[in-house]
Amino acid sequence: MPITLSGQQDRPELRKALEEIVDSGLTGITLRVHDERGEWVGSAGVSKLGEAAKPPTNGRVRIGSNTKTFTAALVLQLVAEGKIRLDAPAAEVDHPARHAAPARRRQPDAAA
């Protein structure tokens, strides 16, 4: 499977990871790594199922709604730490924001 690289040092371990991800069934992937060895950008697979165009290595990628995934991971981490119960009602979860003063909306100046 061809992999697109963006003119930098070869990172065979990253190329292999991209190949394995696409071989597992993912349509396409773009990866950007910035570490002590510098920056590496590559892509594999296709941008759209049924088409031949590779995922861009220099563009924006729509990632969908990842907030729910991160929130779920955080909640499960808090459950594992014993800080909350997964089956507890939300009203039982203590959060510092519950003790804060109510937020007030500032009215725009009449002169502005």
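Is segment 71-78 home to any residue that is assigned to a loop (DSSP other than H, G, I, E, B) and at pLDDT below 90? No - not one qualifying residue is present in segment 71-78. Exactly one residue out of Lys48, Lys54 is surrounded by 15 or more Cβ atoms within 10 Å (Cβ to Cβ), free of Cβ contacts under 8 Å to residues at least 60 places away in the same chain, over 19 Å from the mean Cα position of the chain (by Cα) and over 30 Å from Asp94 (Cα atoms), and it is Lys54.
The values are calculated or read from the model by the stated rules, or taken from the named source; none is laboratory data. The shown structure was predicted, so the numbers you read here are calculated from the model rather than taken from an experiment. Don't worry about glycine lacking a Cβ; one is built from the backbone with ideal geometry, like all the others, and counts go over all protein chains shown.
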